[in-house]
Amino acid sequence: MGLVQREIEAAGMSTITLSPMPDWTQAMGVPRLVGVEYPLGLTVGRPGDKVMQTAVLRDTLRALVEMEQPGEVRYLPYKWVDCLLYTSPSPRD
């Protein structure tokens, strides 16, 4: 991921990564990073929650425009609540 982004940046295009694991992602050397505290696989929000998904994507793209230097990291203010809503039912249920 970071290697491809660095090549794209070298060609003159800015890139950004949205990650639920920003510390690990930053260690990969991505040029710009936005962290969000959501579960893996639900990086933009709950399935079907178009309002939240749009907000996360809009804020990520806004960060891309606002970040001036490669290596910058920003954290979105969103917090995951009610994680138990998305636990898989038991096969016996």
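Given the criteria of a type in the set (Gly, Ala, Ser) and open to solvent by less than 70 Å² (accessible area, probe 1.4 Å), does GLY41 qualify? Step through it out loud before you land on a result.
Values: of a type in the set (Gly, Ala, Ser): yes; open to solvent by less than 70 Å² (accessible area, probe 1.4 Å): no.
Here the answer is no, as GLY41 does not meet what is asked.
Restricting region 69-83 to residues that are closer than 22 Å to ALA27 by Cβ and among the charged types (D, E, K, R), which is nearest to the chain's Cα centre (by Cα)?
The extreme case among them is ARG74.
Only one residue in MET28, MET52 is open to solvent by 30 Å² or more (accessible area, probe 1.4 Å), touching a helix residue (DSSP H, G or I) at 6+ places or on another chain (Cβ under 6 Å) and modelled with pLDDT under 95. Which one?
Numbers: MET52 fails: touching a helix residue (DSSP H, G or I) at 6+ places or on another chain (Cβ under 6 Å).
Among MET28, MET52, only MET28 is open to solvent by 30 Å² or more (accessible area, probe 1.4 Å), touching a helix residue (DSSP H, G or I) at 6+ places or on another chain (Cβ under 6 Å) and modelled with pLDDT under 95.
Yes/no per residue for (1) part of a helix (DSSP H, G or I); (2) of a type in the set (Phe, Trp, Tyr):
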residue	(1), (2)
THR15	no, no
LEU18	no, no
TRP24	yes, yes
GLY35	no, no
LEU42	no, no
PRO47	no, no
VAL51	yes, no
LEU57	yes, no
ALA63	yes, no
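For residues that are among the hydroxyl-bearing types (Ser, Thr, Tyr) and within 12 Å of the chain's Cα centre (by Cα), scanning just region 1-31, find the one that is farthest from PRO70 (Cα to Cα). Show your work before the answer.
Taking region 1-31 and keeping what is among the hydroxyl-bearing types (Ser, Thr, Tyr), we get 14-15, 17, 19, 25.
With within 12 Å of the chain's Cα centre (by Cα) added as a condition, the list becomes 17, 19, 25.
Details: THR17: 12, SER19: 16, THR25: 14 Å.
Once the filter is applied, the top-ranked residue is SER19.
Could we say that THR60 is modelled with pLDDT of 95 or more, exposed (fewer than 13 other Cβ atoms within 10 Å of the Cβ) and polar (S, T, N, Q) here?
On the way: modelled with pLDDT of 95 or more: yes; exposed (fewer than 13 other Cβ atoms within 10 Å of the Cβ): no; polar (S, T, N, Q): yes.
No; evaluated as a whole, the condition is false for this residue.
Quick check on VAL34: is it over 16 Å from GLY2 (Cβ atoms) and either more than 13 Å from the chain's Cα centre (by Cα) or of a type in the set (Val, Ile, Thr) (or both)? Explain how you work it out, then say what you get.
On the way: over 16 Å from GLY2 (Cβ atoms): no; either more than 13 Å from the chain's Cα centre (by Cα) or of a type in the set (Val, Ile, Thr) (or both): yes.
The answer is no for VAL34.
The values are calculated or read from the model by the stated rules, or taken from the named source; none is laboratory data. Keep in mind it's a predicted model, so treat the numbers as computed, not measured. No Cβ is skipped: glycine too gets one built from the backbone with ideal geometry, and neighbour counts run over all protein chains shown. SASA here: full protein model, heavy atoms, side chains in, ligands and nucleic acids out. Shrake-Rupley method; radii C 1.70, N 1.55, O 1.52, S 1.80 Å.
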